[in-house]
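The values are calculated or read from the model by the stated rules, or taken from the named source; none is laboratory data. Remember, it's a predicted structure, so these values are computed and weren't measured experimentally. All Cβ positions, even for glycine, are placed from backbone atoms using ideal geometry, and neighbour counts span all protein chains on display. For accessibility, only protein heavy atoms count, side chains too; no ligands or nucleic acids. Shrake-Rupley method; radii C 1.70, N 1.55, O 1.52, S 1.80 Å.
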Amino acid sequence: MNEILFAEIYYICIAIMLILGFKTYRSMMKNSQKVSFLAVVFVHILYFQTDLVRMSNV
């Protein structure tokens, strides 16, 4: 039961990160700030995905 709850929370977090990444990509921020923030968003999405895979194997 807890695994399902954690998976749902991680999927919500991934959706929020994708929205943040898309909005940042379309924003008028300076290019270096945009690239840095998008890298952080990508790393967080990667973390959530790998944690989901690890959780499903346990």
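Below, the figures for the structure above:
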read-out: The chain - accessible surface per residue (Å², probe 1.4 Å); value: 83
read-out: Within the chain, helix-based [θ] at 222 nm, where runs of 4 or more DSSP H residues each add -39,500 (n - 2.57), nearest 500; value: -31000 deg cm²/dmol
read-out: The chain shape via C-alpha gyration tensor axes, a/c threshold 1.5; value: prolate
read-out: Average Cα contact separation per residue, the chain, under 8 Å, 6 or more apart, as relative contact order %; value: 47
read-out: Accessible area of TYR25 in the full protein assembly, 1.4 Å probe (Å², nearest 10); value: 150
read-out: Linear extension gain, ALA39 paired with LYS23, 0.36 nm per residue minus alpha-carbon span; value: 4.4 nm
read-out: Label-point gap, in nm, between VAL53 and TYR10 - each point 7 angstrom along Cα→Cβ; value: 1.1
read-out: Whole-percent carbon and sulfur share, accessible surface of the chain, 1.4 Å; value: 71
read-out: Between 0 and 90°, nearest 10: helix 31-57 axis offset from the chain longest Cα axis; value: 10
read-out: In degrees, nearest ten, helix 2-25 long axis to first principal axis of the chain (Cα); value: 10
